[in-house]
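Peer 1: I am attaching a structure below and will ask some questions about it afterwards.
The values are calculated or read from the model by the stated rules, or taken from the named source; none is laboratory data. Since this is a predicted model, take the numbers as computed values, not measurements. No Cβ is skipped: glycine too gets one built from the backbone with ideal geometry, and neighbour counts run over all protein chains shown.
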Amino acid sequence: MTRLSKIEGVAAPLPIANLDTDQIIPKQFLRRIDKAGLADGILYDMRFDSNGDKRGDFVLNQPAYADSKILVAGQNFGCGSSREHAVWGLLEFGIKAVIAPSFGEIFYSNAMNNNLLLVALEENAVEAILRDVINPQYSQICIDIEAMTVRSHSQSASFSLSERHRRMFLEGLDMIGATLSMEDQIRAFAQAHWQHKPWLKDIAATTRKRLV
Amino acid sequence: MSTSTQTSKTLYEKLVETHTVARLDDQNVLLYADLHIMNEYTSPQAFAGLAQTGRKVLQPGQNLAVVDHIIPTHPTTIRVIQDADSALQASNLKRNCEMHGIPFYDANDRYQGVEHVIVPEHGMVRPGMVILCGDSHTTTYGALGALGFGIGTSEVEHVLATQTLVYRLARTMRIHVSGRLPFGTTSKDLILMIIRKISAQGARGYAVEFCGEAIHALSIEARFALCNMAVEAGARGALIAPDQMAFDYLTQRCPDLKGESLAQALNDWRHLRSDAGATFDAEYSFDAADVEPYVTWGTSPDQAIPITGCIPELSSIEDETERQTVDRALRYTRLSPGSALEGVPVQHIFIGSCTNARIEDLRAVAEVVKGRKVAKHVRAMIVPGSGEVRRQAEVEGLADIFLDAGFEWRQPGCSMCLAMNDDVLAPGIRCASTTNRNFEGRQGREAITHLMSPAMAAAAAVTGCITDVRNLGA
């Protein structure tokens with residue numbers, strides 16, 4: 001995993017509440033078995049009209065915001081479907097961080113597992129940053145992950161990140177590898193668990209055998 | 001999470017505790033998963049990750065996979081996936097399951113269906129389990145006292161390799177519902193009312209326990225619909241303590257449990273409830289008597305009103321952000337502030353999804369449409385939740401009622417709930433839908449979704465407009 005300590009760049013205002021993952025990446029972009037080409041689908045219906053032409057009025061289509069690295073969004077960003085394609089697509093699109101008052105829970109974990117930084121700030125702090133970045137002249141934002149601070153043209157704010165997530169960004173972490181170092185413990189746990197609850201052992205396999 | 005040192009515990013805390021392999025830090029535990037369910041579209045990159053690192057599936061027998069999201073639902077006996085990418089997703093899932101010895105339900109399997117319909121149907125959801133799936137509606141399983149929740153694909157890979165999840169603990173919420181649901185209303189109306197009142201992020205970060213007389217009066221299938229949609233309020237899990245109705249449901253569906261083994265299981269399940277003195281981080285209470293048939297008018301599941309009500313007036317909304325949100329939603333759904341939903345014409349009816357495509361849902365639809373016809377200019381489709389549901393509906397004569405009325409009686413799958421297959425609405429089409437999400441573009445670009453109960457969708461089918469099913473008469 002790439003190690004990150006600072007994210008700096010243009011931030012695009014996207015002040016829409018409950019912007020769900022269906023809108024972040026619509027269904028027609030979920031048909032592949034790899035992660036390639038997902039950037040094409042990011043916010044597709046907002047970026048393109050029904051003829052497939054770019055919508056000039058959409059913020060990410062405006063030259064000043066074309067190279068945005070950060071989104072400043074509304075509450076409950078990424079709610080809805082668990083599709084991790086939303087995170088992969090945003091990263092491929094060039095987005096490295098999203099600032100919002102709150103995030104959908106599954107989206108939050110997905111983002112953290114892929115080093116897409118999510119910064120949750122109080123609603124009025126997000127609104128103040130929005131007032132800056134809505135002006136293309138003041139659209140630069142700097143996020144310091146080590147210090148856990150956000151700086152826009154006129155604002156600065158602190159955010160929190162769990163120690164685990166902060167380490168994931170700063171040091172990178174092979175989560176599966178770390179868990180697999182506890183494999184014996186997991187196996188022992190399962191054996192003890194099944195001793196008390198034998199009806200759970202191989203539940204999927206035994207059911208499949210029954211349903212022939 | 002309430003890290004209560006007292007001995008009284010919530011059901012959620014008990015389920016987490018009995019599945020904690022190790023405490024990782026103050027916020028995270030390594031949580032063991034009794035069952036992990038996969039579909040064709042959120043698992044491929046997880047299997048690819050395993051292949052890349054040469055890792056194995058730790059406990060294949062605790063996993064299963066089913067083709068449900070991309071599968072066509074045309075009423076043909078043998079199903080062929082025409083779309084090349086979708087066909088590859090299905091064959092890739094089959095290959096991955098064969099390679100790792102994972103139980104698999106293919107497109108033409110007799111038991112194929114929507115993942116959250118087939119898994120409980122065959123007794124694979126049992127009280128006290130932890131169940132994970134790369135699908136947000138995994139909260140469904142709380143109806144039987146199992147902690148289920150959706151995960152992303154990176155986590156799917158982690159679960160495949162380790163049968164565990166690095167799990168951030170949730171806060172606890174209790175929602176008490178007193179009384180009984182009135183005539184003409186269902187658990188779908190109840191959950192739409194709750195989401196409307198607490199908002200689409202009202203339960204964000206919480207594992208919700210539903211309790212009270214109204215909850216325990218619900219059938220198990222009605223409880224599935226309730227827990228299924230808790231995620232639309234942002235919940236990280238939904239639980240109902242298992243009761244006699246749950247035990248009866250399970251006894252019928254778990255043929256491996258009989259005599260002593262059944263007694264042992266029942267004895268374990270009877271202890272699965274929150275202790276009397278347990279404290280929750282948040283509490284709500286509602287009166288079931290306040291429930292009416294609810295219908296959504298906007299593009300978020302919390303934008304719902306009782307069928308007798310009106311869409312909000314913009315001038316009545318003080319908060320500017322909220323006013324913009326409502327305005328944006330109404331421009332999308334092409335409705336006016338202050339107007340009623342009753343009488344709004346629809347062009348499409350969709351009865352299906354992991355929320356409302358079980359046999360009781362189909363019976364409710366049949367009761368409304370029996371002896372009636374689908375209105376002119378309306379296309380109405382029923383996509384049963386599983387092969388079992390489809391066969392049962394045929395045995396009971398429901399399928400004939402649907403076909404006589406002019407419904408399409410289709411093969412099982414997720415279908416138009418998220419429109420990943422070829423069941424996609426055209427722009428501007430307005431749909432009465434028994435699904436769970438009315439997001440912009442969910443059922444098709446510029447298509448308009450109105451969430452409602454199966455009976456309400458059936459009423460809309462026969463009148464051609466959004467209708468209060470209570471006024472339809474016999």
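Peer 1: Can you name every residue in region B:158-204 that is away from every other protein chain (no Cβ under 14 Å) and hydrophobic (A, V, I, L, M, F, W, C)?
Peer 2: Within region B:158-204, B:Ile175, B:Val177, B:Leu181, B:Phe183, B:Leu190, B:Ile191, B:Leu192, B:Met193, B:Ile194 qualify.
Peer 1: Is it the case that B:Leu266 is in contact (Cβ under 8 Å) with a residue 60 or more places away in the chain and within 14 Å of chain A (Cβ to nearest Cβ)?
Peer 2: No, not satisfied.
Peer 1: Consider A:Ile99 against the criteria (1) touching a residue at least 40 places away in the same chain (Cβ under 8 Å); (2) buried (at least 20 other Cβ atoms within 10 Å of the Cβ); (3) part of a helix (DSSP H, G or I): it satisfies all of them except one. Which criterion is unmet?
Peer 2: All conditions are met except number (3).
Peer 1: From (1) free of Cβ contacts under 8 Å to residues at least 40 places away in the same chain; (2) surrounded by fewer than 23 Cβ atoms within 10 Å (Cβ to Cβ), pick out the condition that doesn't hold for B:Arg442.
Peer 2: That leaves (2) as the condition not met.
Peer 1: Would you check which residues across region B:424-438 are surrounded by 23 or more Cβ atoms within 10 Å (Cβ to Cβ) and either over 21 Å from the mean Cα position of the chain (by Cα) or assigned to a loop (DSSP other than H, G, I, E, B) (or both) and list them?
Peer 2: First, the residues of region B:424-438 that are surrounded by 23 or more Cβ atoms within 10 Å (Cβ to Cβ): B:425, B:431-438.
Hits for region B:424-438 are B:Leu425, B:Thr434, B:Thr435, B:Asn436, B:Arg437, B:Asn438.
Peer 1: What are the residues in region B:249-283 that are of a type in the set (Gly, Ala, Ser) and either outside any loop (DSSP other than H, G, I, E, B) or surrounded by 14 or more Cβ atoms within 10 Å (Cβ to Cβ) (or both), if any? Walk me through how you get there before you give the answer.
Peer 2: Looking only at region B:249-283, we keep the residues that are of a type in the set (Gly, Ala, Ser), and these are B:259, B:261, B:263, B:265, B:274, B:276-278, B:282.
Those that are of a type in the set (Gly, Ala, Ser) and either outside any loop (DSSP other than H, G, I, E, B) or surrounded by 14 or more Cβ atoms within 10 Å (Cβ to Cβ) (or both): B:Gly259, B:Ser261, B:Ala263, B:Ala265, B:Ser274, B:Ala278, B:Ala282.
Peer 1: So, in region A:140-154, exactly how many residues are surrounded by fewer than 19 Cβ atoms within 10 Å (Cβ to Cβ) and without any contact (Cβ under 8 Å) to a residue 60 or more places away in the chain?
Peer 2: Within region A:140-154, residues that are surrounded by fewer than 19 Cβ atoms within 10 Å (Cβ to Cβ) and without any contact (Cβ under 8 Å) to a residue 60 or more places away in the chain number 6.
Peer 1: In region B:369-388, is there at least one residue being in a strand (DSSP E or B), in the same structural domain as B:Cys465 (by TED's automatic domain parsing) and among the small types (Gly, Ala, Ser)?
Peer 2: Yes, that holds for at least one residue.
Peer 1: Going by the conditions given, is B:Ala161 farther than 22 Å from A:Gly78 by Cα, crowded, with 24+ Cβ neighbours inside 10 Å, at pLDDT 95 or above and of a type in the set (A, V, I, L, M)? Outline the logic, then answer.
Peer 2: On the way: farther than 22 Å from A:Gly78 by Cα: yes; crowded, with 24+ Cβ neighbours inside 10 Å: no; at pLDDT 95 or above: yes; of a type in the set (A, V, I, L, M): yes.
The answer is no for B:Ala161.
Peer 1: From the list B:Arg437, B:Arg445, which residue is touching a Cys at 6+ places or on another chain (Cβ under 9 Å) and charged (D, E, K, R)?
Peer 2: Answer to the check: B:Arg437.
Peer 1: Looking at A:Val98, A:Val87, which one is away from chain B (no Cβ under 14 Å) and of a type in the set (Val, Ile, Thr)?
Peer 2: Result: A:Val98 is the single residue among A:Val98, A:Val87 that is away from chain B (no Cβ under 14 Å) and of a type in the set (Val, Ile, Thr).
Peer 1: Looking at B:Ala399, B:Ala380, B:Ala375, B:Ala366, can you tell me which residue is without any contact (Cβ under 8 Å) to a residue 12 or more places away in the chain and in contact with a helix residue (DSSP H, G or I) (Cβ under 9 Å, 6 or more places away or on another chain)?
Peer 2: Numbers: B:Ala380 fails: without any contact (Cβ under 8 Å) to a residue 12 or more places away in the chain; B:Ala375 fails: without any contact (Cβ under 8 Å) to a residue 12 or more places away in the chain; B:Ala366 fails: without any contact (Cβ under 8 Å) to a residue 12 or more places away in the chain.
Matching residue, one of B:Ala399, B:Ala380, B:Ala375, B:Ala366: B:Ala399.
Peer 1: If we scan region A:191-212, do we find a residue that is away from every other protein chain (no Cβ under 11 Å), touching a helix residue (DSSP H, G or I) at 6+ places or on another chain (Cβ under 7 Å), among the aliphatic types (A, V, I, L, M) and crowded, with 19+ Cβ neighbours inside 10 Å?
Peer 2: No, that holds for no residue.
Peer 1: Moving on. Restrict the check to region B:205-222 and report whether at least one residue is within 10 Å of another protein chain (Cβ to nearest Cβ) and either in contact (Cβ under 8 Å) with a residue 12 or more places away in the chain or not aromatic (Phe, Trp, Tyr) (or both). Reasoning before the result, please.
Peer 2: Step one: of region B:205-222, the residues within 10 Å of another protein chain (Cβ to nearest Cβ) are B:205-206.
Right, trim to either in contact (Cβ under 8 Å) with a residue 12 or more places away in the chain or not aromatic (Phe, Trp, Tyr) (or both) and you get B:205-206.
For region B:205-222, residues within 10 Å of another protein chain (Cβ to nearest Cβ) and either in contact (Cβ under 8 Å) with a residue 12 or more places away in the chain or not aromatic (Phe, Trp, Tyr) (or both): present.
Peer 1: Looking at region A:102-117 only, could you name the residues that are touching a residue at least 40 places away in the same chain (Cβ under 8 Å) and either acidic (Asp, Glu) or more than 10 Å from chain B (Cβ to nearest Cβ) (or both)?
Peer 2: Listed by number, the residues that qualify are A:Asn115, A:Leu117.
Peer 1: I've got another one for you. Quickly run through region A:50-68 and pick out the residues that are buried (at least 18 other Cβ atoms within 10 Å of the Cβ) and either assigned to a loop (DSSP other than H, G, I, E, B) or β-branched (Val, Ile, Thr) (or both). Give the derivation first.
Peer 2: Looking only at region A:50-68, we keep the residues that are buried (at least 18 other Cβ atoms within 10 Å of the Cβ), and these are A:59-60, A:65, A:68.
Once the filter is applied, which keeps residues that are buried (at least 18 other Cβ atoms within 10 Å of the Cβ) and either assigned to a loop (DSSP other than H, G, I, E, B) or β-branched (Val, Ile, Thr) (or both), region A:50-68 yields A:Val59, A:Ser68.
Peer 1: Follow-up question, since we're still on this one. Take A:Asn18 and decide whether it is at pLDDT 95 or above and in contact with a Cys (Cβ under 6 Å, 6 or more places away or on another chain).
Peer 2: Working: at pLDDT 95 or above: yes; in contact with a Cys (Cβ under 6 Å, 6 or more places away or on another chain): yes.
It is true that A:Asn18 is at pLDDT 95 or above and in contact with a Cys (Cβ under 6 Å, 6 or more places away or on another chain).
Peer 1: Just to be sure I understand, how many residues within region B:313-345 are in contact with a strand residue (DSSP E or B) (Cβ under 8 Å, 6 or more places away or on another chain), assigned to a loop (DSSP other than H, G, I, E, B) and more than 14 Å from B:Asp468 (Cα to Cα)?
Peer 2: 3
Peer 1: List the number of the failed condition for A:Ala86; all other conditions in (1) in contact with a Ser or Thr (Cβ under 7 Å, 6 or more places away or on another chain); (2) closer than 20 Å to A:Ile176 by Cα; (3) buried (at least 24 other Cβ atoms within 10 Å of the Cβ) hold.
Peer 2: Unmet for A:Ala86, out of (1) in contact with a Ser or Thr (Cβ under 7 Å, 6 or more places away or on another chain); (2) closer than 20 Å to A:Ile176 by Cα; (3) buried (at least 24 other Cβ atoms within 10 Å of the Cβ): (2).
Peer 1: Take the residues of region B:175-217 that are small (Gly, Ala, Ser) and assigned to a helix (DSSP H, G or I): which is nearest to B:Gly150 (Cα to Cα)? Spell out how you get there, then give the answer.
Peer 2: Within region B:175-217, the subset small (Gly, Ala, Ser) is B:178-179, B:184, B:187, B:199-200, B:202-203, B:205, B:207, B:212, B:214, B:217.
Next, from what is left, pick out any that are assigned to a helix (DSSP H, G or I): B:187, B:214.
Numbers: B:Ser187: 21, B:Ala214: 26 Å.
For region B:175-217, the residue satisfying everything is B:Ser187.
Peer 1: Okay, next question. Could you check A:Arg166 against (1) assigned to a helix (DSSP H, G or I); (2) at pLDDT 95 or above; (3) closer than 26 Å to B:Ala235 by Cα; (4) under 17 Å from the mean Cα position of the chain (by Cα) and say which number it fails?
Peer 2: (2)
Peer 1: Give me the pairs, please: first residue somewhere in region B:320-349 and at pLDDT 95 or above, second residue anywhere and aromatic (Phe, Trp, Tyr), beta-carbon distance under 9 Å, and either six or more positions apart or on two chains.
Peer 2: Pairs that qualify, where the first residue is at pLDDT 95 or above and the partner is aromatic (Phe, Trp, Tyr), are B:Ala329/B:Trp297; B:Leu330/B:Trp297; B:Thr333/B:Trp297; B:Leu335/B:Trp297; B:Ser339/B:Trp297; B:Leu341/B:Trp297; B:Val344/B:Trp297; B:Ile349/B:Phe407.
Peer 1: Quick check, is A:Ser68 at the interface with chain B (Cβ under 9 Å from one of its Cβ atoms) and of a type outside the set (A, V, I, L, M)?
Peer 2: no
Residue by residue, here is whether (1) more than 8 Å from chain A (Cβ to nearest Cβ); (2) within 20 Å of B:Gly148 (Cβ to Cβ) holds:
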| site | (1), (2) |
| --- | --- |
| B:Val29 | yes, yes |
| B:Leu35 | no, yes |
| B:Gln45 | no, no |
| B:Gln62 | no, yes |
| B:Thr77 | yes, no |
| B:Leu88 | no, no |
| B:Asp106 | yes, no |
| B:Tyr111 | no, yes |
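Peer 1: When you look at B:Leu341, is it over 14 Å from B:Met456 (Cα atoms) and of a type in the set (A, V, I, L, M), yes or no?
Peer 2: Judged against the criteria, B:Leu341 is not a match.
Peer 1: Hey, among A:Leu130, A:Leu118, A:Leu161, which residue is outside any loop (DSSP other than H, G, I, E, B), surrounded by 14 or more Cβ atoms within 10 Å (Cβ to Cβ) and touching a helix residue (DSSP H, G or I) at 6+ places or on another chain (Cβ under 8 Å)?
Peer 2: Among A:Leu130, A:Leu118, A:Leu161, only A:Leu118 is outside any loop (DSSP other than H, G, I, E, B), surrounded by 14 or more Cβ atoms within 10 Å (Cβ to Cβ) and touching a helix residue (DSSP H, G or I) at 6+ places or on another chain (Cβ under 8 Å).
Peer 1: Quick check: is even one residue across region A:118-134 modelled with pLDDT under 95, over 27 Å from B:Lys56 (Cα atoms) and more than 8 Å from chain B (Cβ to nearest Cβ)? Can you show your working first?
Peer 2: Restricting attention to region A:118-134, the residues satisfying the condition of being modelled with pLDDT under 95 are none.
No.
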